[in-house]
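Novice: Sending over a structure as structure tokens; questions will come in a sec.
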Amino acid sequence: MCLGVPMRIVEINYPAATAEASGVRREVGLHLLPEEEIAVGDHVIVHVGFAIEKVEEGLADEIRRSLNEAMGAADGEGSGA
Amino acid sequence: MTRLSVEDLTERIHTLTPGDRTVRIMNVCGSHEHTIAFSGMRSLLPRNLELIPGPGCPVCVCPESDIINAIRLSKRQDVILVTYGDMLRVPSREGSIRAGGGNYRIITSPFEAVRIARANPRRKIVFFSIGFETTTAPAAAVLESGVPGNLYMLCSHRLTPAIMETLVRDAETGIDGFIAPGHVSAIVGSDAWNVFPAKYGIPAVVAGFEAENLLLGISDILARLGRREVRAGNVYGRVVRPGGNVRAQELMNKYFEVADVNWRGIGSVPSSGLELREEYGGRDARKVFGLGEVKEEKIPGCICGDIILGRAYPSACGLFGMACNPQSPAGPCMVSVEGACNIWYRTKKDRGNLPAKRDFKTEGRFIT
Ligand code: SF4
């Protein structure tokens, strides 16, 4: 639930947006980031459906890698949200 | 900045760790404990350097009273309770939300609570909203964007800096340094931890979630030991700004106010939680449904409170891995993947690198 997931913004209809991670698209809220600071193609950290901060692409990849490891290990334990 | 390898960082940590005493560094984020446990980092570091899991799991600290109220609400015909998946299995003396078999739905975002409320105009939708700053800001954002009249909030949000200050005053825990949580800090800012070095002489350093970044954070804490500093460190500057996310802070402040609240297994902690402001009382499930406070009953044998406060490791619990496991959790710290007991259980099972070398099983409490 507390896990922040890095995603790439693919469409913006501020403050609504669509973001993508590992081929999965999800609706995300940009309410916590000023409109002028965010553009299609940007990477963001998403917590419970809301982008909380912008990150560079390289870091998004790193976070994703360590998250995959963690979640792979958590498989089958019923993490919920 | 050239990146240091795990070997370089480990060596630096060995050099910086004082040889004559135990140094206790606490993390306050389940994801940090995750990386520490799964990387097997503890076995690489000096024996007298303790990496202690702290209060980094919102599911673990949510009061039994709120769980019981949520179960009771879910059993009302006119209510649908919506909450994050982890909350469903948290045990209480009245069972869990899932075991209660009432009307409940799992959500992964506060948006879904709004959607469910719109789709069920004749039902009262109660959003059991829990978590630290990373879920509080989204909850505030959804309130700001306008929600239907049949949506209410059972608010159980907690503030990370407040519990850390309580920990520092708790002499029994004896913390030498904090690894401050990466994404909570993205919201509150690295400056939110300045109080620890400035007022208590305890270094705090914000770190990210990769093993290298955490090791860098730990070495930074060690380098700061004994120095009089007024600011917290930040090795996760690529995400975390000193002032944090100002917009998120403004929104939280608009809808919520600081209150004295209970932490499960710990008790009341002053100014450590948030409740809806008076103006939004019409949305507050506690007021609307007249929910009272149910006195907490200790779970026999469970030492979650001690674990959250850094007084004991999970393996010191007599139920750990036996009567309590992720499939049938006896205590709250075994439920969520952010709970220290859950993480330690999985580390042992999957990787075989539980830091048993230090014989925590027999010692349990930290020994100088
Ligand atoms: S192992 Fe289970 S019973 Fe023991 S402290 Fe952890 S959650 Fe509580």
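Novice: Mind listing whichever residues of the range B:118-152 are open to solvent by less than 30 Å² (accessible area, probe 1.4 Å), within 14 Å of another protein chain (Cβ to nearest Cβ) and not small (Gly, Ala, Ser)?
Specialist: The initial filter retains those residues of the range B:118-152 that are open to solvent by less than 30 Å² (accessible area, probe 1.4 Å), namely B:125-143, B:147-148, B:150-151.
Now narrow it down to the ones that are within 14 Å of another protein chain (Cβ to nearest Cβ): B:127-143, B:147.
Listed by number, the residues that qualify are B:PHE127, B:PHE128, B:ILE130, B:PHE132, B:GLU133, B:THR134, B:THR135, B:THR136, B:PRO138, B:VAL142, B:LEU143, B:VAL147.
Novice: Still on this structure, I have one more. What number of residues in the range B:315-348 are in contact (Cβ under 8 Å) with a residue 60 or more places away in the chain, within 8 Å of the ligand (Cβ to nearest atom) and either more than 12 Å from every other protein chain (Cβ to nearest Cβ) or more than 18 Å from the chain's Cα centre (by Cα) (or both)?
Specialist: Matching residues across the range B:315-348 total 5.
Novice: Shifting gears a bit: Take B:ARG72 and tell me if it is farther than 24 Å from B:ARG115 by Cβ, among the charged types (D, E, K, R) and assigned to a helix (DSSP H, G or I).
Specialist: Working: farther than 24 Å from B:ARG115 by Cβ: yes; among the charged types (D, E, K, R): yes; assigned to a helix (DSSP H, G or I): yes.
It is true that B:ARG72 is farther than 24 Å from B:ARG115 by Cβ, among the charged types (D, E, K, R) and assigned to a helix (DSSP H, G or I).
Novice: Can you name the condition, by its number, that B:ILE299 falls short on among (1) more than 10 Å from the ligand (Cβ to nearest atom); (2) in contact (Cβ under 8 Å) with a residue 12 or more places away in the chain; (3) in a loop (DSSP other than H, G, I, E, B)?
Specialist: Every listed condition holds for B:ILE299 apart from (1).
Novice: Part of a strand (DSSP E or B), under 18 Å from B:HIS157 (Cβ atoms) and in the same structural domain as B:LEU216 (by TED's automatic domain parsing): which single residue out of B:GLU275, B:GLU293 fits that description? Quick ask: steps written out before the conclusion?
Specialist: Working: B:GLU293 fails: part of a strand (DSSP E or B).
After ruling out the rest, the residue left standing is B:GLU275.
Novice: Take the range A:1-16 and flag every residue that is within 19 Å of B:ILE107 (Cβ to Cβ) and either more than 10 Å from chain B (Cβ to nearest Cβ) or touching a residue at least 40 places away in the same chain (Cβ under 8 Å) (or both).
Specialist: A:MET1, A:CYS2, A:LEU3, A:GLY4, A:VAL5, A:MET7
Novice: Follow-up question, since we're still on this one. Would you mind finding the one in B:ALA223, B:ALA211 that is in the same structural domain as B:ALA186 (by TED's automatic domain parsing), at pLDDT 95 or above and among the hydrophobic types (A, V, I, L, M, F, W, C)?
Specialist: The unique qualifying residue is B:ALA223.
Novice: In this structure, is B:LEU81 assigned by TED's automatic domain parsing to the domain that holds B:VAL114 and either outside any strand (DSSP E or B) or within 16 Å of the chain's Cα centre (by Cα) (or both)?
Specialist: Spelling it out, it is not the case that B:LEU81 is assigned by TED's automatic domain parsing to the domain that holds B:VAL114 and either outside any strand (DSSP E or B) or within 16 Å of the chain's Cα centre (by Cα) (or both).
So that you can scan it fast, the table gives a plain yes or no per residue for (1) modelled with pLDDT of 95 or more; (2) crowded, with 24+ Cβ neighbours inside 10 Å; (3) in the same structural domain as B:ARG3 (by TED's automatic domain parsing):
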| site | (1), (2), (3) |
| --- | --- |
| B:ASN194 | yes, no, yes |
| B:VAL205 | yes, yes, yes |
| B:ARG227 | no, no, yes |
| B:ARG231 | yes, no, yes |
| B:ASN234 | yes, yes, yes |
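Novice: If you don't mind, there's one more thing I want to ask. Could you check, for the range B:326-335, whether at least one of its residues is open to solvent by 40 Å² or more (accessible area, probe 1.4 Å) and farther than 17 Å from B:VAL184 by Cβ?
Specialist: Looking through the range B:326-335, at least one residue is open to solvent by 40 Å² or more (accessible area, probe 1.4 Å) and farther than 17 Å from B:VAL184 by Cβ.
Novice: Hey, can you tell me all the residues within the range A:33-48 that are free of Cβ contacts under 8 Å to residues at least 24 places away in the same chain, in a loop (DSSP other than H, G, I, E, B) and surrounded by fewer than 22 Cβ atoms within 10 Å (Cβ to Cβ)?
Specialist: Result: A:PRO34, single match.
Novice: Consider B:ASN262 carefully, then state whether it is closer than 30 Å to B:ASN69 by Cβ and away from the ligand (no atom under 16 Å from the Cβ).
Specialist: Spelling it out, B:ASN262 is indeed closer than 30 Å to B:ASN69 by Cβ and away from the ligand (no atom under 16 Å from the Cβ).
The values are calculated or read from the model by the stated rules, or taken from the named source; none is laboratory data. This is a predicted model, so every value here is computed, not measured. Ideal geometry is used to build each Cβ from the backbone, glycine not excepted, and the neighbour counts take in all protein chains shown. Remember, those area values only see protein heavy atoms, side chains included, never the ligands or the DNA or RNA. Shrake-Rupley method; radii C 1.70, N 1.55, O 1.52, S 1.80 Å.
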